[in-house]
Amino acid sequence: MNNQNKSFQTREKLKLVFTGHVDHGKSTVIGRLLLDSGALPQGAVDKIRRVSAETGRPFELAYLLDAFEEEQAQGITIDTTQLQFKTAFRDYVIIDAPGHKEFLKNMISGASDAEAAFLVVDAERGLEEQSKRHAHMLALLGLQQSALIVNKMDLVGFSQQVYQQTVEAARYFLSSLGLKLSVAVPLSALMGLNVTVKAPELSWHDGPTLLEALDSLKKSGHSHEAPLRLPIQDVFKFDDRRVLVGRVESGQIAVSDSIVISPGGKTAQVVSLASWLPRDQKTKAETGESVAVIISEDFFNRRGEIVSRIERAPKTVNRFRASIFWMGRRPLKAERRYKLKLSTAESECEIVKLFNLIDSSTLKPLQAQGEVGFNEVAEVEISLQKELALDLFSQCQATGRFVLVDDLDVAGGGIVTWAEDKPQVKAGFVHGELKARCELFQEYFYDLDRMTFNKIESSVPFYAVGDPVPLSGESYLYPEFFDIVIFRDQIVVKIRDGLVGALSPFSEYRYEGYPLVNGRGFAVKVNSEDDWLKLNNELLLINNRERAVGPDEKWLDFNVYRRIRLGRDRHL
Amino acid sequence: MNHLQALEAYSIFILREAYKKLGRLGLLWSIGKDSTVLLWLTKKAFLGHCPFPFVHVDTSYKIPEMIIHRDKVAKEMDLELIVHQNVLALESGMGPDKGRLICCKALKTDALNEVTKKYGFDGLIVGVRRDEEGSRSKERIFSERNQDDEWDYANQPPELWGQFKTEFPRGHHIRVHPLLQWSEIDIWRYVENEGIELIDLYFAKNGQRYRSLGCAPCTGKIESQATSVSQIINELENTSVSERAGRAQDQEDAYAMQKLRRDGYM
Ligand SMILES: Nc1nc2c(ncn2[C@@H]2O[C@H](COP(=O)(O)OP(=O)(O)O)[C@@H](O)[C@H]2O)c(=O)[nH]1
Ligand SMILES: [Mg+2]
């Protein structure tokens, strides 16, 4: 990079959002900060003066941010704004957020971009409904760093006592949300006191000015230790290469890394990172970079799958719990279907359980009535129509948060609080798009120390049509001709002469007189076409939409093909 | 990653998102520095390809060098170029003498809306930035326009966590803004780092240069000695005049841009 830009290139940039109840002075604080630090272009203040003269409205610094005619006419911020600002120390993106309840969705849009937040509180009025609701949203958005501005100190005679009471009240409320207050500043935005320079009126304040407080916030860097998460955004085929593109949301990716793609669990190596210009060619990319990756296997990959390292893969689930906030005009309802978008993945979903409905401004429980209203917060259990790869929000923010689309608009957001991984697929059968999991050829043993049944994990590949399968092992023996009924995937695999014959979905399968074995290697007691239909009817009754479950134990015989070994350790 | 690399990475993410999620796409190309950076980012996003057409709304009042430059770059870069004019308005003598905002509306807004309809664009990529002026500072990255190309700015849906507005009724379209979070000086620093070639109207001749390019009758030059990109950066670091001060239509009325943009102006 060019020398001249050296200092610029290494300068840090922090994104800060100003939140709080309507009229507590967020826009004025920002306007004052810009004005007193000389950041405004020439004529900006003159323009506001002119507009207030033309319209007969009083001069307001907030107009620097509230650019819409409607905003100026009503004296409120409707939508969020971002602007750039710099101190001697570093660069900032300052985000102004509306404080009106009606526009919480816009506050969230602004705050979701920020790395740290200021809560602006009117000294005279103290914490109000939206102050608290905003704090709650900051917690849900994962913003750990928050700071307090006690504004309008001129209205309380610059009272130190009022300031301290406000700080304590805010600290208490924030801590109940798990948020820490890193710094607090008393000021008057209107009079420009303690914004960029200390003020005699606030001589009792031995803490920082607003400008100093800004610079005292810490930017949290990306950890190189974080697990790799590269959600596939698209698969390019502009030439004969298949290129996976996406943004590295966490961790790093480098050439020759071994990777796994979830859901599915296919593994491969990173061959190269592609670029247009030779000088952009690189062998490694870090969090935040938009990359184009060529991998060693020509898999059929799709948008929404996540590339990670094998050791720390995301969870693959079709059901999870989350904390959600709702911004939709019509309430969120249990049992209605929504589109869920999580990083680049999408799935239809349904809210199957709704609990802990709370008023997001008081944190008091609300009576749950099967719906979550405008601006409310709830804990929910979500069932997905298809499996997605995801993380707990506490472990990886970018792949642990999602939005819900109602009708055509994003109407809710949420963070994953609980999800249980499905067992990893280690072995199975593939044929084109059809895929079935099985543990048929895994050795089972009885652990004498723990007195439990265990299986020996082996990395058996997928068997394709025509592949031979290992018919006998130390703990099992199968015939040369039989049908494997894989209930989880609703697929039957025919084994003919020790080779994989064909894969067919349950609906297309006809009983041919060969023995039936389930995916674990236990005999299925089906001896005729009639038995098969009976079993299927039973399954239809017990299976719900989300999960395909196996048959009742009465259909199984555990002692035909398997013989459980006794052992002390898995390597026996 | 430094600040410019972060901006580049995010813009590439946005472009790829638009390409994947919106149907028919066009990139609004005005020959200036922002659209040229957009072209560059497009090449980076799509590994040297430009998988959508570039659209130039030609008011016929553009500074003549811009048209020459446009055709030259389109040929060199092998762009699929769509040039569109509001022929009816031009035939009836539309021009800035009819009133600046009326002229902008007819030759830019209406022409843009015509070409959007004509080609059935679901997405239009536009190089506007938040720091240009007030109504743009309030924009979303994916911003919906209705069947009449209007922007319902007072009621924008939430946009968070890189989840953009990609569901919309037929006949509506999305304005995609990959440069929204860039500032004027970011653009110039990027131009410098990447060695991007720009039209020479930006560089001072006889003590004057253009800071923002538009139609000849309504775009003023600024006093400047800057003849290179690094001199321009230096000049911008020390100026307190806003970028669009030389654009007459912005100065017409306090909310001129808001009104133009409500009706579909870029
Ligand atoms: N007395 C006094 N008024 C203030 C102060 N800061 C802002 N205000 C006024 O409070 C009102 C609301 O300010 P605004 O910035 O729009 O609040 P926001 O809704 O939080 O953005 C405006 O009329 C401001 O002039 C202050 O420090 N002292
Ligand atoms: Mg405000």
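Only one residue in A:Leu177, A:Leu155, A:Leu190 is surrounded by fewer than 19 Cβ atoms within 10 Å (Cβ to Cβ) and within 16 Å of ligand 2 (Cβ to nearest atom). Which one? Working first, answer last.
Working: A:Leu177 fails: within 16 Å of ligand 2 (Cβ to nearest atom); A:Leu155 fails: within 16 Å of ligand 2 (Cβ to nearest atom).
Checking each option against the conditions leaves just A:Leu190.
Considering each of A:Arg279, A:Arg242, A:Arg247 in turn, give the residue that is within 24 Å of A:Lys435 (Cβ to Cβ) and open to solvent by 10 Å² or more (accessible area, probe 1.4 Å).
On inspection, the qualifying residue turns out to be A:Arg242.
Does A:Leu34 satisfy the condition of being in contact with a Leu (Cβ under 6 Å, 6 or more places away or on another chain) and either modelled with pLDDT under 90 or not assigned by TED's automatic domain parsing to the domain that holds A:Glu102 (or both)? Steps first, answer last, please.
Values: in contact with a Leu (Cβ under 6 Å, 6 or more places away or on another chain): yes; either modelled with pLDDT under 90 or not assigned by TED's automatic domain parsing to the domain that holds A:Glu102 (or both): no.
So A:Leu34 does not fit the description; no.
A quick yes/no check of all residues on (1) of a type in the set (A, V, I, L, M); (2) at pLDDT below 95:
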site: B:Val83; (1), (2): yes, no
site: B:Leu88; (1), (2): yes, yes
site: B:Gly93; (1), (2): no, yes
site: B:Leu101; (1), (2): yes, yes
site: B:Leu107; (1), (2): yes, yes
site: B:Ile125; (1), (2): yes, no
site: B:Ser137; (1), (2): no, yes
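Let's see how each residue does on (1) polar (S, T, N, Q); (2) within 12 Å of another protein chain (Cβ to nearest Cβ); (3) under 16 Å from A:Thr399 (Cβ atoms):
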position: A:Val197; (1), (2), (3): no, no, no
position: A:His205; (1), (2), (3): no, no, no
position: A:Leu210; (1), (2), (3): no, no, no
position: A:Leu214; (1), (2), (3): no, no, no
position: A:Leu217; (1), (2), (3): no, no, no
position: A:Val248; (1), (2), (3): no, yes, yes
position: A:Ile259; (1), (2), (3): no, no, yes
position: A:Lys266; (1), (2), (3): no, no, no
position: A:Val271; (1), (2), (3): no, no, no
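Quick one: would you say A:Glu124 is open to solvent by 10 Å² or more (accessible area, probe 1.4 Å) and within 15 Å of ligand 2 (Cβ to nearest atom)?
No: the conditions fail for A:Glu124.
Results for (1) open to solvent by 20 Å² or more (accessible area, probe 1.4 Å); (2) out of contact with any Ser or Thr (no Cβ under 7 Å at 6 or more places or on another chain), shown as yes or no for each residue.
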residue: B:Ala154; (1), (2): yes, yes
residue: B:Gly162; (1), (2): no, yes
residue: B:Val191; (1), (2): no, yes
residue: B:Ile199; (1), (2): no, yes
residue: B:Arg209; (1), (2): no, no
residue: B:Pro217; (1), (2): yes, yes
residue: B:Ile222; (1), (2): yes, yes
residue: B:Ala254; (1), (2): yes, yes
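What about B:Ile185, is it in contact (Cβ under 8 Å) with a residue 12 or more places away in the chain, open to solvent by less than 20 Å² (accessible area, probe 1.4 Å) and either farther than 27 Å from A:Val17 by Cβ or not in a loop (DSSP other than H, G, I, E, B) (or both)?
So B:Ile185 does not fit the description; no.
I'd like the residue in region B:104-139 that is farther than 12 Å from B:Tyr265 by Cβ and part of a helix (DSSP H, G or I) and, out of all such residues, is most open to solvent (accessible area, probe 1.4 Å).
So the residue we want is B:Lys118.
Which members of region A:88-111 meet the condition of being more than 10 Å from chain B (Cβ to nearest Cβ) and in contact with a Phe, Trp or Tyr (Cβ under 8 Å, 6 or more places away or on another chain)?
Result: A:Tyr92, A:Ile94, A:Ile95, A:Ala97.
Condition check ((1) at pLDDT 90 or above; (2) in contact with a strand residue (DSSP E or B) (Cβ under 7 Å, 6 or more places away or on another chain); (3) more than 11 Å from ligand 1 (Cβ to nearest atom); (4) assigned by TED's automatic domain parsing to the domain that holds A:Gln160) across all residues:
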{"residue": "A:Thr77", "(1), (2), (3), (4)": "yes, yes, no, yes"}
{"residue": "A:Phe89", "(1), (2), (3), (4)": "yes, no, yes, yes"}
{"residue": "A:Tyr92", "(1), (2), (3), (4)": "yes, yes, yes, yes"}
{"residue": "A:Asp96", "(1), (2), (3), (4)": "yes, yes, no, yes"}
{"residue": "A:Leu104", "(1), (2), (3), (4)": "yes, no, yes, yes"}
{"residue": "A:Gly110", "(1), (2), (3), (4)": "yes, yes, yes, yes"}
{"residue": "A:Ala114", "(1), (2), (3), (4)": "yes, yes, yes, yes"}
{"residue": "A:Val120", "(1), (2), (3), (4)": "yes, yes, no, yes"}
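With within 13 Å of B:Tyr190 (Cα to Cα), touching a residue at least 24 places away in the same chain (Cβ under 8 Å) and within 13 Å of another protein chain (Cβ to nearest Cβ) as the only criterion, which of B:Leu41, B:Leu15 stands out?
Matching residue, one of B:Leu41, B:Leu15: B:Leu41.
Please work out which residue is modelled with the lowest pLDDT, limiting yourself to region A:490-501 and to residues that are among the aliphatic types (A, V, I, L, M) and buried (at least 16 other Cβ atoms within 10 Å of the Cβ).
That would be A:Ile491.
Has region A:17-28 got at least one residue that is open to solvent by less than 50 Å² (accessible area, probe 1.4 Å), assigned to a helix (DSSP H, G or I) and either away from ligand 1 (no atom under 12 Å from the Cβ) or of a type in the set (Ser, Thr, Tyr) (or both)? Reasoning before the result, please.
To start, the set of residues in region A:17-28 that are open to solvent by less than 50 Å² (accessible area, probe 1.4 Å) comprises A:17-22, A:24-28.
Retained after the next criterion (residues that are assigned to a helix (DSSP H, G or I)): A:26-28.
Going one step further and asking which of them are either away from ligand 1 (no atom under 12 Å from the Cβ) or of a type in the set (Ser, Thr, Tyr) (or both), we end up with A:27-28.
For region A:17-28, residues open to solvent by less than 50 Å² (accessible area, probe 1.4 Å), assigned to a helix (DSSP H, G or I) and either away from ligand 1 (no atom under 12 Å from the Cβ) or of a type in the set (Ser, Thr, Tyr) (or both): present.
I'd like to check something: does region A:366-377 contain any residue that is modelled with pLDDT of 95 or more and within 25 Å of B:Glu167 (Cβ to Cβ)?
So far as region A:366-377 goes, no, none of its residues is modelled with pLDDT of 95 or more and within 25 Å of B:Glu167 (Cβ to Cβ).
For region A:516-535, give me each residue that is free of Cβ contacts under 8 Å to residues at least 60 places away in the same chain and surrounded by 17 or more Cβ atoms within 10 Å (Cβ to Cβ). Step through it out loud before you land on a result.
Taking region A:516-535 first, the residues free of Cβ contacts under 8 Å to residues at least 60 places away in the same chain are A:516, A:518, A:522-535.
A:Leu516, A:Asn518, A:Phe522, A:Ala523, A:Val524, A:Val526, A:Trp532, A:Leu535, listed by residue number.
In a loop (DSSP other than H, G, I, E, B), open to solvent by 40 Å² or more (accessible area, probe 1.4 Å), at pLDDT below 95 and farther than 30 Å from A:Val183 by Cβ - does that describe any residue in region A:221-229?
no
With the requirement that a residue be farther than 19 Å from A:Asp91 by Cβ and free of Cβ contacts under 8 Å to residues at least 24 places away in the same chain, what does region A:198-223 give you?
Result: A:Lys198, A:Ala199, A:Pro200, A:Ser203, A:Asp206, A:Ser223.
Would you check if there is a residue in region A:293-308 being small (Gly, Ala, Ser), closer than 11 Å to A:Leu230 by Cβ and away from chain B (no Cβ under 14 Å)?
Looking through region A:293-308, at least one residue is small (Gly, Ala, Ser), closer than 11 Å to A:Leu230 by Cβ and away from chain B (no Cβ under 14 Å).
Say we look at region A:137-152 and pick out the residues that are open to solvent by 10 Å² or more (accessible area, probe 1.4 Å) and polar (S, T, N, Q); which of these is farthest from A:Asp206 (Cα to Cα)?
Within region A:137-152, the match that is farthest from A:Asp206 (Cα to Cα) is A:Gln144.
So B:Ile232 clears everything in (1) more than 17 Å from B:Gly207 (Cβ to Cβ); (2) modelled with pLDDT of 85 or more; (3) in a helix (DSSP H, G or I) except one condition, right? Which one?
(1)
Kindly indicate whether any position in region B:204-227 is among the β-branched types (Val, Ile, Thr), within 20 Å of the chain's Cα centre (by Cα) and not in a helix (DSSP H, G or I). Spell out how you get there, then give the answer.
Applying the first criterion (among the β-branched types (Val, Ile, Thr)) to region B:204-227 yields B:219, B:222, B:227.
Filter again for within 20 Å of the chain's Cα centre (by Cα), leaving B:219.
Next cut, not in a helix (DSSP H, G or I) only: B:219.
Yes, the conditions are met somewhere in region B:204-227.
Within region B:188-196, is even one residue within 12 Å of chain A (Cβ to nearest Cβ), of a type in the set (Lys, Arg) and under 17 Å from the mean Cα position of the chain (by Cα)?
no
The rows are residues; the columns are (1) without any contact (Cβ under 8 Å) to a residue 60 or more places away in the chain; (2) more than 9 Å from chain B (Cβ to nearest Cβ); (3) under 25 Å from A:Arg133 (Cα atoms).
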position: A:Val45; (1), (2), (3): yes, yes, no
position: A:Gly56; (1), (2), (3): yes, yes, no
position: A:Ala62; (1), (2), (3): yes, yes, yes
position: A:Gly75; (1), (2), (3): yes, yes, yes
position: A:Thr81; (1), (2), (3): yes, no, yes
position: A:Gln84; (1), (2), (3): yes, no, no
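Just one of A:Ala73, A:Ala67 is modelled with pLDDT under 90, within 15 Å of ligand 2 (Cβ to nearest atom) and under 33 Å from the mean Cα position of the chain (by Cα); which is it?
A:Ala67
The values are calculated or read from the model by the stated rules, or taken from the named source; none is laboratory data. Keep in mind that what you see is a predicted model, and the values were worked out from it rather than measured. Methodologically, a virtual Cβ is constructed for each residue, glycine included, from the backbone with ideal geometry; neighbour enumeration extends over all protein chains shown. Protein only, heavy atoms only, side chains kept; ligands, DNA and RNA dropped before computing areas. Shrake-Rupley method; radii C 1.70, N 1.55, O 1.52, S 1.80 Å.
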